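Inspection log for the structure reproduced underneath, given as structure tokens.
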Amino acid sequence: MTPALEVVNLNKRFGGLPATRQVSLSVMPGERRLIIGPNGAGKTTLFNLITGDLTPDAGSVKLFGQELLKLPTQQRVHLGLARTYQILTLFPKETLCHNVVLALLGLDRMRWDVWTFLLGQSHLYDAAREALALVGLGASADRTVAETSYGERRRLEMAMALAQKPKVLLLDEPLAGLSQEERSQVRDVLARVPRDVTIVMIEHDMDSALAFAERITLLHYGEVIVEGTRSQVVADPRTKEVYLGD
Amino acid sequence: MRRKGVLLFAIGMALIAVPLIITSEFYVNLASQILIYALLAVSLNLLLGYGGMVSLGHASFVGLASYAAVLLLNAGFGQLASAVLAILFSTACGGLFGLLALRASGIGFLMITLALGQIVWGIAYRANTLTNGDNGLRYAARPHPFGIAIDSASSFYWFSLIVFAIALFFIWRVTRSPFGASLQGARDQPRRMRMLGHNVWLIQWLAFVLASFWGSVAGLLYVYYNLFISPHAISLQQSAEVLLMAILGGASALTGPIVGAVIITLVKNVVSTYFERWNSLLGAIFVVVIMFMPFGIVPGVRQLWARWRAPKKLERAA
């Protein structure tokens, strides 16, 4: 079976600092993969290399067998890749609905239309409201991002990615900075994502994301230290070493 | 909504009536100039306000379209063919300029557009055999669109008004379209837009081409109005003035650059007959506006209006 996402021997240096060292990982279709590691382990860098925000020095990234590295970011998205950002990257002056509409437009040929009124495109707005309802923001669709709380913005990030019906979804710390209640809301949203979506999730805090993961990859100083099922990784002495020190 | 329609109709009627109310030829001509600069500023604002790209070379499209029209007409082409080919040529140059300028963003973009504008100016100034250098070129005569003469001040004003209205309508549609939304998204969060599947570079390039197209149309109107083109029309100062119009009136509003064009053109042409230091006055106006309305006149007045209305609304609700 072709992996949904396959990374082979990926390397990236920032000047003298290696951020990603010989990283290889293979995520099967429908899998829920958790990537953990301390601050500066290269988790977000790995995402940036996969999406094309950064160009690697060497290695390969394949989506369902297709090499991505020569493609610009937007083409990778058209192949079924979506991501959320750890540092919120939204359109603050626009409504939540408009934010999701921009996500939907990204994959719609209509985005080149210079003549019709965007506001008249009810199919886009209906789909956007649906995606917002999915993450529990249905009632806030017409508020601007500036008027929403941090937790709501995190969920908006998720709605924008989910609205695109991606094949592979990269989530960068979707639980960061959320209250207990908001965390459980986000976890519910994740649990409802259908199995034809492969999810790779970065989470700094292991406790909050363990239940979700089937397989876990532990990164440390840009290298894959441990990889395996949840119990394997938790039991591995190297995990304890990285997290607790020796 | 209905009130907006009534207001729009009233403004339209007032604009049509300008040459009937103002009988002085000087002021009717001034009104035509305002329309030409307003179109130039609105077209620039596609880049500035909607695209977040500051260009200091927009006057070059006045030059490219004007010189091309003169040279084509002199080469024996008809009025219509000259007009169409001139706009095509100027827009194609815009496409090329966009290709070069979009290698960079921010200050880099600004510097490249500045350099490209200076190159066009330099060619106009130095290529004596083609452009007649500093002396400029004369355009033989205004065209007769659909057999109607536009030689008088008022008929030319109406002609410009029709062109301006069509252009504004098209540009308004663009700003409300899916492409317009993508352009504004690319301005605010280019990285996110790429991650949503948008080709940010192509969006910005197409906006550049659109802006150069409508800038070229304004350029054609310019040469029809003056029946003359010289390097002075495309100097850096001209580009800066158009940019100033958009910023003064408010780049975030479609109508902002129009208000800016009205004020600057009036100060330049009317105040300058009474007051030698009109440039200082323009500077003072700019400083005062930016101090009290940092986003320009139209957004500033809108804000004041909303603030003035808010207590009344509350009163009525109570």
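The numbers here are math on the coordinates, done by the rules we state, and not lab data. Since this is a predicted model, take the numbers as computed values, not measurements. When we count neighbours, we look across all protein chains shown, and the Cβ atoms used for this are built from the backbone with ideal geometry, even at glycine.
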Problem - GNM result for chain B, Cα springs below 10 Å: residue of B:283, B:197, B:94 fluctuating most strongly - result: B:197
Exercise for the section: Please tell me the relative contact order of chain B in percent, rounded to the nearest whole number, where contacts are Cα pairs under 8 Å and at least six residues apart. Expected result: 30
Problem - Test item: A:118-124 mean partner chain Cβ contacts at 10 Å - result: 2
Completion exercise
Helix-only [θ] at 222 nm, chain B, -39500 (n - 2.57) per DSSP H run of 4+, per residue, nearest 500, equals -24500 deg cm²/dmol
Problem - Beta bridges per DSSP with both ends in the protein assembly as shown, % antiparallel, nearest 5 - result: 60
Exercise for the section: Please report, in whole Å, how far the alpha carbons of segment A:52-97 spread along each principal axis, starting with the longest. Expected result: 38, 21, 15
Practice task
State which stretch of chain A is the longest one without any exposed trypsin sites (Lys or Arg not before Pro), exposure meaning a DSSP loop state and at most 14 other Cβ atoms within 10 Å.
Solution key: A:1-69
Problem - In the protein assembly as shown, lysine pairs with alpha-carbon atoms under 23 angstrom apart (chain gap of 8 or more, or interchain) - result: 13
Problem - Mean-position separation - Cα centroids, segment A:3-36 and segment B:282-318, in angstrom - result: 53
Problem - Long-range tail of P(r) for segment A:94-165 (Cα pairs > 16 Å, %) - result: 41
Exercise for the section: Specify the longest stretch of chain B that does not include any exposed loop site, a site being one of the trypsin sites (Lys or Arg not before Pro) with a non-H, G, I, E, B DSSP assignment and at most 16 other Cβ atoms within 10 Å. Expected result: B:104-276
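Give the average, rounded to an integer, of partner chain Cβ atoms located within 10 angstrom of each Cβ in B:172-184.
Mean inter-chain Cβ contacts per residue within 10 Å come to 6.
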Problem - Mean shadow area of segment B:35-104, taken as a quarter of the surface of its Cα convex hull (nm²) - result: 5.1
Practice task
Within 10 Å of each residue's Cβ, count the other Cβ atoms and sort A:24, B:280 from fewest upward.
Solution key: B:280, A:24
Fill in the blank from the handout: One point scatterer per Cα, no solvent, Debye formula: log10 I(q)/I(0) for segment B:209-318 at q = 0.09, 0.10 Å⁻¹ comes out as -0.33, -0.40
Practice task
Run through all the Cα pairs of segment A:1-84 and give the fraction in each 5 Å bin from 0, expressed as whole percent.
Solution key: 3, 14, 26, 27, 20, 8, 2, 0
Practice task
Using a 10 Å cut-off on Cβ to Cβ distances, tally the other chain neighbours for every residue of A:44-55 and report the average as a whole number.
Solution key: 1
Fill in the blank from the handout: Using the Kirkwood formula on alpha carbons, the hydrodynamic radius of chain B in angstrom works out to 20.5
Practice task
Enter the Cα centre distance for the pair segment B:77-151 and segment A:166-227, rounded to the nearest angstrom.
Solution key: 56
Problem - Compactness index (Cα Rg / 2.2 N^0.38 Å), chain A - result: 1.03
Practice task
Using the number of other C-beta atoms within 10 angstrom as an exposure proxy, rank B:111, A:1 with the fewest first.
Solution key: A:1, B:111
Completion exercise
Phi angles of segment B:27-32, converted by Karplus (6.51 cos²θ - 1.76 cosθ + 1.60, θ = phi - 60°) into ³J(HN,Hα) in whole Hz with x for Gly and Pro, give 6, 5, 4, 4, 4, 4
Practice task
Kindly provide the helix-only [θ] at 222 nm of chain A, computed as the sum of -39,500 (n - 2.57) over DSSP H runs of four or more divided by all residues, to the nearest 500 deg cm²/dmol?
Solution key: -9500 deg cm²/dmol
Problem - Residue (of A:9, B:76, B:112) at the positive-pole extreme of the protein assembly as shown, dipole from beta-carbon charges - result: B:76
Practice task
With only alpha-carbon atoms counted, please give the Rg and Dmax of the protein assembly as shown, in Å.
Solution key: 28.6, 93
